[in-house]
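Quick notes on the structure that follows.
The values are calculated or read from the model by the stated rules, or taken from the named source; none is laboratory data. Predicted, not measured: the structure shown is a model, and the values here were computed from it. Neighbour counts are summed over all protein chains in view; Cβ atoms, including those assigned to glycine, are modelled from backbone coordinates with ideal geometry. With ligands, DNA and RNA removed, areas are computed over all heavy atoms of the protein, side chains included. Shrake-Rupley method; radii C 1.70, N 1.55, O 1.52, S 1.80 Å.
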Amino acid sequence: MKDNGWKGIITLVIVTVIAFGVILGANYFGRGTDKETEQSVAGEQKEIDINSFGNVDPAIQSAYRILDEQGNAGGYKVVTKTKGYGGDLLLELVFDKNGDTITRMEVLEHNETEGLGALIKEPAFLEQFKNVPLPVTLKNAAAEPELPAEGAAFEDGTYTVEADQPDYNGYRNTMKLTITDGKMTEIIWDALDAEGKSKRVLSDNGEYVMTESGPTWKEQAEALAAAVIENQSTDFLSPDDQGKTDAVAGVSISITDFVTLVKQCLVQAAGTQTEDARTADAAGSADLTGSADAAGSADSGRGTTVDGVSGATISSRAVIEGIDKGYTFIKNYLGTLS
């Protein structure tokens with residue numbers, strides 16, 4: 001009985017020692033794991049206290065340092081809010097570690113018009129902001145041609161023009177305008193996709209559908225053409241900043257490209273455009289936004305000029321404004337560290 005008692009005691013001691021060993025080992029390795037989690041991880045984001053800088057622009061919603069493998073700032077992320085056509089735009093901007101390059105942009109929230117301002121969220125627009133030098137400025141998609149003086153004679157004939165670049169839906173706008181006895185008698189507006197397919201035909205066949213109800217794209221294009229022929233002018237259309245007009249019943253599409261192409265045909269028909277003017281039209285662009293400092297920097301050799309969304313000037317400007325404000329904040333922040 002005594003031998004059995006001693007054996008029980010020895011067994012209990014051995015089990016106790018093993019249990020303590022397991023606990024101590026777990027604590028030791030646990031502390032090692034905790035220490036590792038305290039170290040910075042590449043790509044980790046550390047929030048910047050934007051309220052500690054005094055008079056920060058209200059457009060700045062939040063800002064972060066993006067850490068590299070050594071735990072240093074390898075870049076910066078800024079969220080900005082600006083006013084678009086339909087409401088606030090919330091942009092997420094990522095800059096390089098020097099604050100001189102925007103590496104990417106994302107539209108987090110918007111209330112812009114579908115098919116117009118909402119195209120700021122599409123890859124075709126966003127790709128322009130990948131790894132490009134700052135500041136970013138906006139150019140007109142197409143220069144507005146200057147019409148000949150009132151009363152100028154138009155030469156009879158058929159005139160055709162084509163947009164230099166596709167729009168953000170991938171269609172290249174075309175126009176054919178006929179002058180008879182000095183007046184516009186036929187206007188055919190069309191747009192071709194990457195395969196050369198006509199938007200008029202696709203619309204007529206139900207392959208290009210904007211809405212389930214209402215006039216098709218082709219019907220709206222024809223209504224515009226008929227109104228311009230009746231008025232012998234495009235002035236009455238008065239498109240707004242989104243390229244929309246209330247002057248023609250049933251027309252809800254952007255008419256910016258339509259008006260521009262009609263005017264280009266009329267310039268040809270008047271025979272008043274010189275070679276220098278054509279060169280200026282092809283190369284000309286206008287800075288629509290950006291601070292004076294940003295524009296100055298662009299003139300000095302740095303910076304990037306991008307295309308706005310056709311017919312959505314307000315939305316495009318709001319994006320550039322958001323980038324400019326984020327850029328200014330980061331440069332000011334970096335200035336406090338030097």
remark   = Of the listed residues (GLY284, GLY290, GLY196), the one being open to solvent by less than 60 Å² (accessible area, probe 1.4 Å) and at pLDDT 90 or above is GLY196
inquiry  = Of all residues being part of a loop (DSSP other than H, G, I, E, B) and aromatic (Phe, Trp, Tyr) in the range 167-201, which is nearest to GLU230 (Cα to Cα)? Just the residue, please.
reply    = TYR171
query = Has the range 89-100 got at least one residue that is surrounded by fewer than 14 Cβ atoms within 10 Å (Cβ to Cβ) and closer than 16 Å to TYR64 by Cα?
reply = yes
key: Only listed residue being within 27 Å of the chain's Cα centre (by Cα), of a type in the set (S, T, N, Q) and open to solvent by 50 Å² or more (accessible area, probe 1.4 Å), chosen from THR245, THR211   = THR211
note = Within the range 214-228, the residues that are part of a helix (DSSP H, G or I) and open to solvent by less than 50 Å² (accessible area, probe 1.4 Å) are TRP217, LYS218, GLN220, ALA221, ALA223, LEU224, ALA225, ALA227, VAL228
note = Of the candidates GLU106, GLU127, the one satisfying the condition of being closer than 30 Å to LEU337 by Cα, surrounded by fewer than 16 Cβ atoms within 10 Å (Cβ to Cβ) and at pLDDT 85 or above is GLU106
